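See below for the structure under consideration.
The values are calculated or read from the model by the stated rules, or taken from the named source; none is laboratory data. Quick caveat: nothing in here was measured; it's all calculated off a predicted structure. When we count neighbours, we look across all protein chains shown, and the Cβ atoms used for this are built from the backbone with ideal geometry, even at glycine.
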Amino acid sequence: MLRATLKSLLSRKLRLLLSGLAVVLAVMFVSGAFVLSDTLGRTFDSLFTNVYSYTDIQVTAKPKVTGPGQDGAPANIPADMVSRVAADPGVAKATGAVLAEGARAVGHNGKKLGGAPGAPRYGASWHGEDQLISLREGRGPRADDEVAIDAGVATLGNFRVGDQIGVLTLEPKKTFTVVGVFGYAGGRDSIGGEQTVAFTEPVAQRLMLGAPNVYNVIDVTVTDKKDLTKVRDALRADLGPAYQVDTGADLAKKQADQVKKALSFVTYVLLGFAAVALLVGVFLILNTFSIIVAQRTQELALLRAMGASRGQVIRSVLLEASLIGVVSWLVGLALGVGIGAAGAFALAKLSGGLTAAGVGVPPAAWIVSFVVGIGVTIAAALMPAVQAARVPPIAAMRQASASDRPLTRLTVAGGVLLAGGGSALVFGLSGKAHGNTIGWVVGGVFATFIAVALLTPLLGRPVVSLLGRLFAWSVPGQLGRRNSARNPRRTAITAAAMMISIALVTGISTIFASVSDSITKLVNEQIQADLIIAGQQTGPIPPAIDPAALRQVRGLPTVDSVAAEAYDMGMADGRQLFVGAFDDQAAAARILKLKAKDGRLDRLGAGEILVDDATASKRHWTVGASVSVQLSRGDARTFRVVGIFTGNANPGGGGILVPWRDAASGFRAATPTQAFIKLRSGANVTATKGQIDRILRDSPEVNVVTRSEWIGDATKVFDIVLTIVQVLLGVAMVIAVLGIVNTLVLSVLERTRELGMLRAIGLRRGQTMRMITVESVVISLFGSLLGIVVGAALGAAVVHALKDKGITELSLPWGLMVAYLVAGALVGVAAAVIPAIRAARLNVLAAIGYE
């Protein structure tokens, strides 16, 4: 029985190749994700271990604003704390320093210097050379208008000693003279792509911490490194919970964990590709083995007649699946290791020219890919194997052709699963799932896809017959149409692979189109600004507008009013939220069309705040209520709610508004971040925009844009995500092509005698190829059409569930949907090439005598 199975397997090499490719792709993405994550993790572990190898202990003050979002500004440490730390037993030396994110160097072109995505931009106090830092050119800064820069900044901006450099900090752009260029131990120009500008200590304190005679870091050298942990614990006990005390090893682990968490999205993207490839691959494998069993009915029945048991037949089919799974797993794992290593190398280079760690294959990559490659293949082949065992021996005595079985069971199972998947999706989107929302939504979508796949045979015959009429103007077209409709189960499973990929991208496109249109409608209804000054926030400090530039903008004769806004994270009654402030509250209320639900909105006095309706309802605040507010700087203060408004006056979509004076003293950055400009009636928008552009020359992080341009910038992120999703569609389509090719190739083999008869009665080679192509295109179009309908329905359901979140417009991406349908037809044509050529090359006489 074993020899018979192996001979059968090796006699069908093309079937083996096509069946295994889908598994190879799924295993490749799964193993690649784990290899990438492991390699990057070890890369950054090594990086930060080297960086902090010269640090014994570091003391920092805990931020005053903490929570699930970003932390607020680093808390300042009074200068007298340095002597207190130095006096602790076991401390040899304590040095106060400034090292804070937010010093953005400006290039010679007047724009903020680029660099590695997400890399920090530090402003530091210069304390001379040490084991980590050494000067390469010049000297350290001594005057207030002097700075030293790291070699990474010097190379990126083409700066040399003696050049002038602009730097944005907590204050507007200031110009300094570069007096030194320094590098890091090991000959590195930067650490992970960071950019560091070093000032004199008083200047660093003022520009980076906003106050004199303070630090945000105390570096501690211990007397005996054997007592490192002991000294750390003693300092923790002495300084109390307001301070964080860590060894160099502690800091290295924390920094590496933060970076790995930020880069984990790459792993999730690859796992998403793997999940789709796996789901589509299951349909391909299931269909392949179903066709194989149908074609081997006589062979299997003959084996039964010769004494093979049902168990041996099942094991025969499962052995074939196991061999396919093992080979596919090994090939996919090898490709995955290559992809993971290449991805880690590329990301390391993008992160400032890091050297990637050596490639390693973590246990998770072996285990999970093994389950995917072998377990899923065997599971997909189990049902056809059981069907094979049910073939009666007497079937060997007659022509074995797969008879259509009733679709009742499939229809009932599909209906039940559709109800369950729909219910899970509704529950997940209702907001009642809390922390399990993603699990419920993903589970609901998965169950819905499976349910639609089970119901597809019920729709297959009428829909395929209808689509086939588009090609029924010729004899090959009529034959192709009938062939595609003759076996609804097979057609449905083949089309399901195409359906899943098209449905995913259509659903996401529907959601993004609806979100974009909802934002557009909201902005047009609520914001009356003709021009907006804004920029993209890429670090902990938002983009800054020079206050002097705003004064010039207000002085333009075509400008009616300006509402400049600053925002930050804060704490209100112990919970984190967005905090905003306008320099002209009355203008803000007019331009942003803020409406008072209760109280007043036109002004804010000392100790007063405004709250948006959603936040007030969630926190149970009313006009007159007292709220304790902690901003990034300063102590917590009690404010009184004087107004509750509707409308969006905050980039976070909710929160509180405090007086401008409190923002200037309590926000991490006191400069305005964005400004809404209302022009006088009849003013030329284009001309005024040009004037403001010239005024903003010293505000390199922001630009002036029209309202429509601002909306386009706000929705640009959806285009990026949609591009990633469309790449996912491409991967899934590759597998769908394999599925159609596999089905048609096996179908050609199954219909060898039939094709020979058609050729004998006059069907030419070209007509035979067109017949196969029509069959392929109809199957592909059926899957594409079904995917568009299912995807649009799922997208519409999500949009409806998000109605309370402000997504009020349902917009279907008609252009993309037509493009996906055309792509489906092209996929059908491409998939038909190999089977059509194979069918056309059949020897007529040999085909007629084929059994």
Regarding PHE34, is this residue of a type outside the set (A, V, I, L, M), buried (at least 20 other Cβ atoms within 10 Å of the Cβ) and at pLDDT below 80? no
Looking only at region 505-542, how many residues end up being in contact with a helix residue (DSSP H, G or I) (Cβ under 7 Å, 6 or more places away or on another chain) and closer than 30 Å to LEU794 by Cβ? 14
Residues (in a loop (DSSP other than H, G, I, E, B) and at pLDDT 90 or above) located in region 629-660: LEU631, ALA636, VAL658, PRO659
Check on SER561, polar (S, T, N, Q), in contact with a helix residue (DSSP H, G or I) (Cβ under 6 Å, 6 or more places away or on another chain), modelled with pLDDT under 75 and surrounded by fewer than 23 Cβ atoms within 10 Å (Cβ to Cβ): no
Kindly indicate whether any position in region 162-182 is closer than 19 Å to ASP219 by Cβ and either modelled with pLDDT under 95 or aromatic (Phe, Trp, Tyr) (or both). yes
It is to be established whether one or more residues within region 292-315 are among the hydroxyl-bearing types (Ser, Thr, Tyr), part of a loop (DSSP other than H, G, I, E, B) and either more than 37 Å from the chain's Cα centre (by Cα) or modelled with pLDDT under 70 (or both). yes
Could you say whether any residue in region 538-545 is of a type in the set (Val, Ile, Thr) and either surrounded by fewer than 20 Cβ atoms within 10 Å (Cβ to Cβ) or modelled with pLDDT under 90 (or both)? yes
Those residues of region 129-182 that are touching a Leu at 6+ places or on another chain (Cβ under 9 Å) and over 19 Å from ASN109 (Cα atoms) come to a total of 7
Mind telling me which of the residues LEU763, LEU738 ends up being modelled with pLDDT under 75, over 30 Å from LYS432 (Cβ atoms) and either assigned by TED's automatic domain parsing to the domain that holds SER509 or not in a helix (DSSP H, G or I) (or both)? LEU738
Quick check on my filter: what residues within region 320-358 are outside any loop (DSSP other than H, G, I, E, B), over 21 Å from the mean Cα position of the chain (by Cα) and buried (at least 20 other Cβ atoms within 10 Å of the Cβ)? GLU320, ALA321, ILE324, GLY325, SER328, TRP329, GLY332, LEU333, VAL337
Set VAL197, VAL220, VAL203, VAL269: member being surrounded by 15 or more Cβ atoms within 10 Å (Cβ to Cβ), modelled with pLDDT of 90 or more and either part of a helix (DSSP H, G or I) or small (Gly, Ala, Ser) (or both): VAL203
Residues in region 680-724 that are under 31 Å from the mean Cα position of the chain (by Cα), of a type in the set (Gly, Ala, Ser) and farther than 30 Å from THR510 by Cβ: how many? 1
Can you pull out the residues in region 347-367 that are modelled with pLDDT of 80 or more and of a type in the set (A, V, I, L, M)? VAL361, ALA364, ALA365, ILE367
Quick one: THR706 ticks every box in (1) at pLDDT 85 or above; (2) in contact with a Pro (Cβ under 6 Å, 6 or more places away or on another chain) except a single one, so which number is it? (2)
Between residues in region 611-625 that are outside any helix (DSSP H, G or I) and residues that are surrounded by fewer than 15 Cβ atoms within 10 Å (Cβ to Cβ), which pairs lie under 7 Å by C-beta distance while being six or more apart or on different chains? GLY624/ARG640
Going through region 85-112 in order, the residues found to be farther than 17 Å from LEU170 by Cα and among the aliphatic types (A, V, I, L, M) are VAL85, ALA86, ALA87, VAL91, ALA92, ALA94, ALA97
Residue set ALA663, ALA687, ALA675; condition assigned to a helix (DSSP H, G or I), touching a strand residue (DSSP E or B) at 6+ places or on another chain (Cβ under 6 Å), on the phi < 0 side of the Ramachandran plot and not assigned by TED's automatic domain parsing to the domain that holds LEU504; output residue ALA663
Looking at VAL167, VAL153, which one is in a strand (DSSP E or B) and either under 35 Å from the mean Cα position of the chain (by Cα) or under 30 Å from SER632 (Cβ atoms) (or both)? VAL167
Six or more apart or on different chains, Cβ atoms under 7 Å: show the pairs whose first residue is in region 128-142 and assigned by TED's automatic domain parsing to the domain that holds ARG160 and among the acidic types (Asp, Glu) and whose second is part of a strand (DSSP E or B) and surrounded by fewer than 16 Cβ atoms within 10 Å (Cβ to Cβ). GLU129/LEU135
Among (1) surrounded by 14 or more Cβ atoms within 10 Å (Cβ to Cβ); (2) in contact with a Gly (Cβ under 8 Å, 6 or more places away or on another chain) - the single one VAL704 does not satisfy: (2)
Kindly indicate whether any position in region 633-650 is without any contact (Cβ under 8 Å) to a residue 12 or more places away in the chain and either surrounded by fewer than 22 Cβ atoms within 10 Å (Cβ to Cβ) or assigned by TED's automatic domain parsing to the domain that holds ARG590 (or both). yes
